[in-house]
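Below is one structure, written out as C-alpha cells, with a few remarks after it.
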Amino acid sequence: MTNAAAPCQTENVTGMARSVLSEISGMLQALANNETAGSVDLRSLPLTQADRRQLEDALGRGEVAVELELAGRSSIWETRYAGVWWIRHRGAQEKVSSEEISVCRVPDILTSQPADITAAALRLQQELSQNPSIHPEASDG
C-alpha cells in the first residue's frame with residue numbers, strides 16, 4: 001500500500017527546518033550588520049508538517065504578537081530571536097493562504113502607510129472641531 005498523502009502532509013522530518021534556520025541565521029546577521037532585511041516564503045518550500053513543527057519549535061515565540069483582520073485573519077509574532085518574525089495569513093475557512101518568516105526590524109504589514117497617517121490626522125482634527133466636549137487633559141508630568 002502506498003502513502004496517498006501529499007509530501008507536505010507527512011510526519012517525516014526531512015532536514016528542511018535546519019536548512020531554513022541556516023538561511024534565517026544568515027539573514028539575521030545581514031540585518032545586524034547592514035540593515036538588510038529578507039524573508040523566506042514557507043509555502044514555496046517542500047516542508048512536511050513535522051518540518052514545520054520543528055521550525056516553529058526551534059524559533060519559538062518572543063514577546064510581541066499581533067492579530068490583524070484584513071481580508072482574512074493574519075497572525076504575526078516575533079520569534080524568540082529579535083528581528084525574526086513569523087507571518088501567517090489566513091483566507092476563507094481559516095485556511096493558510098500565505099506564510100513567511102520575515103527578518104527585519106518590523107514587518108511592513110505593521111507599519112502605517114503615509115496616506116493612512118494623513119487621513120487619520122484629518123479625521124482627528126475634524127473630531128476635535130466637531131465635538132467640543134472632547135478636551136485634552138492637562139499632563140501632570
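The values are calculated or read from the model by the stated rules, or taken from the named source; none is laboratory data. Please read all numbers here as calculations on a predicted model, not as lab measurements. Note that we place each Cβ from the backbone using ideal geometry, even for glycine, and neighbour counts take in every protein chain shown.
Below is a table of values for the structure above.
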quantity	calculated
Members of the stretch 66-96 that are among the acidic types (D, E) and loosely packed, with under 13 Cβ neighbours inside 10 Å	E67, E69, E94
Tabulated pairs, the stretch 14-34, first closer than 15 Å to W85 by Cα, second at pLDDT below 95 and surrounded by 15 or more Cβ atoms within 10 Å (Cβ to Cβ), C-beta under 8 angstrom, 6+ apart or interchain	V20/L47
Residues of the stretch 69-95 that turn out to be of a type outside the set (K, R), in a strand (DSSP E or B) and either under 30 Å from A30 (Cα atoms) or in contact (Cβ under 8 Å) with a residue 12 or more places away in the chain (or both), as a count	10
Where a residue in the stretch 44-65 is over 22 Å from S97 (Cβ atoms) and its partner, wherever it lies, is modelled with pLDDT of 95 or more and in a helix (DSSP H, G or I), with Cβ under 8 Å and at least six apart	Q54/A17; A58/A17; A58/L21
Residue list for the stretch 70-122, restricted to those being small (G, A, S), out of contact with any Cys (no Cβ under 8 Å at 6 or more places or on another chain) and within 17 Å of L21 (Cβ to Cβ)	A82, S102
Among (1) surrounded by 12 or more Cβ atoms within 10 Å (Cβ to Cβ); (2) assigned to a loop (DSSP other than H, G, I, E, B) - the single one S19 does not satisfy	(2)
